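K.L.:
A single structure is presented below for examination.
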Amino acid sequence: MKKTACTLFTYICLLAQLSAFETPYIKGHAGLMSRGAAARSDPISDSEEPTFSVDAYAQGYFGAEVDISDKLILRSDFLVDSAFLLDISKDGVGKEFLKNKGTVPASFQVEELSATYAFHTKSVIHYLSAFLGEFEPVGMDTFLERQFGILPISSALTRTWSGQSGANINDFYGAGVSYMLRFEQPVAVGFYLYQDFDRLNATNPQNNFNTDLRFAFAFPYVTLDWDIGLGFPHGSTKGTFETEVLIVRYVTLRTGLNMLIGNPSDPVSLLVQGGFSEVEAGFDAYENHNFVEDLVQNLYFLVEPRVKIRDVDLTLTFFNRPSTQTIPMIYNFEQKGGMGADLGVSTDHFHLGNLNFTIGMHATVSDQSTLYDIVYGSGSFFSDPHFTLTPYVTIPLFGGSITSAVSVDITKLIDDSSFWVKSLSFWLGFRAEF
């Protein structure tokens, strides 16, 4: 009876706390994106007209945030992927797709599930969070927007069509807890403890326990988000009396930096991103790893000077994407890694009637060779370059925006002008917030 009374008293206290909360504030987003590239589906023949197929990829995402009195914040973000082949032939369009009744392989992924409790002490706001998935990784705008309420600073090249936008520099994905302090000045310091998951190696995942330190600020002319952490890959073995013994053979080091010198609205600014993930700094005598070589192999960097001339934005981007990381570049999705440069031109002041359009173009020179291939491998600088032109347009529609882009690989077009369709890629996406 005493135990039941104590339990009931606890529930009453919790309900009393909840009743003090105001009406929750709810917001969310949802969207759909499709992209694809054409390829020849028949053997080369002079007697017949060539046919081609479209390797298509579709992605849907949705998420929500529930804010209860600025004390309890619940967030969710989900992603659905699918990939399929459309055979375009003289006999019909997508006949194999229709023959299979439109069934396509798909995957469901949790981008973020988190619960954050906030409380104040003097001039400091404390945030205690439990999370699953990508929780405000370095390189994305999510953390800076949530902590300081600033405009996005990430590069247009690394924006994704999922709920969160930007480059996940450290390939952060896991489950754990964090403790964040935000001071009266726009400065934040955080600590993370989590177990990461390998999304690309589900059959043989690596078990890493991680601890991270994060530091960020948003001053008038410099914005910085920096993270450094250690990972402890571990296993277990049978010890004396059949007890499980935890074994940590080496540690891994990772870091990520996202910095904007200037403001997004300034005439001149500079974006600098860099970092590496899971570079082994071990102490196991049986492991023979070259720390510097591993660092270069995993090194990611992006340097982007920006110039604003009236209503026109100009960007010149230099980047190196290691093949070991999953950093996206939306208009260059065929390559898993590589280095290159991009010239971007855009304006969000193009008017047609009462509609305000955003139009732009990317001119990109890229190669699948990375800095590691040049320094340690047999690769050479731009041994197999590709030059692409990608015009795009964003139109406001139904309370959201729809973006369409077509990319032309000039290199493929020159190599085989008789089948120019294979040089084309397309994007079409819709995003709405509520």
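K.L.:
Keeping to segment 300-312, report how many residues are open to solvent by 40 Å² or more (accessible area, probe 1.4 Å) and out of contact with any His (no Cβ under 6 Å at 6 or more places or on another chain). Steps first, please.
P.N.:
Pass one, segment 300-312, residues open to solvent by 40 Å² or more (accessible area, probe 1.4 Å): 301, 303, 305, 307-312.
Cutting the leftovers down to out of contact with any His (no Cβ under 6 Å at 6 or more places or on another chain) gives us 301, 303, 305, 307-310, 312.
Total meeting the criteria: 8.
K.L.:
Would you mention how many residues in segment 70-92 are modelled with pLDDT of 85 or more and over 19 Å from GLY429 (Cα atoms)?
P.N.:
6
K.L.:
Of all residues in segment 307-317, which are more than 18 Å from MET140 (Cα to Cα) and in a strand (DSSP E or B)?
P.N.:
VAL307, LYS308, ILE309, VAL312, ASP313, LEU314, THR315, LEU316
K.L.:
Then there's this: Quickly run through segment 62-84 and pick out the residues that are outside any strand (DSSP E or B) and either within 15 Å of SER34 (Cα to Cα) or in contact with a strand residue (DSSP E or B) (Cβ under 7 Å, 6 or more places away or on another chain) (or both).
P.N.:
ASP70, LYS71
K.L.:
Next question. Restricting to segment 357-412, and then to whatever is in contact with a strand residue (DSSP E or B) (Cβ under 7 Å, 6 or more places away or on another chain), surrounded by fewer than 17 Cβ atoms within 10 Å (Cβ to Cβ) and assigned to a helix (DSSP H, G or I), can you tell me which residue is modelled with the lowest pLDDT?
P.N.:
It comes out as THR411.
K.L.:
Here's something else I'd like to know. Can you pull out every residue in segment 324-340 that is open to solvent by 30 Å² or more (accessible area, probe 1.4 Å) and modelled with pLDDT of 65 or more?
P.N.:
Once the filter is applied, which keeps residues that are open to solvent by 30 Å² or more (accessible area, probe 1.4 Å) and modelled with pLDDT of 65 or more, segment 324-340 yields only THR324.
K.L.:
Checking the condition closer than 15 Å to GLN273 by Cβ, small (Gly, Ala, Ser), open to solvent by 20 Å² or more (accessible area, probe 1.4 Å) and in contact (Cβ under 8 Å) with a residue 24 or more places away in the chain, which residue from ALA130, ALA175, ALA156 passes?
P.N.:
None of the other options fit; the residue is ALA156.
The values are calculated or read from the model by the stated rules, or taken from the named source; none is laboratory data. Note that the structure is predicted; figures quoted are calculated from it, not measured. Positions of Cβ are generated from backbone atoms using ideal geometry, with glycine treated the same way; all protein chains shown enter the neighbour counts. Areas reflect the complete protein model, heavy atoms only, side chains present, ligands, DNA and RNA absent. Shrake-Rupley method; radii C 1.70, N 1.55, O 1.52, S 1.80 Å.
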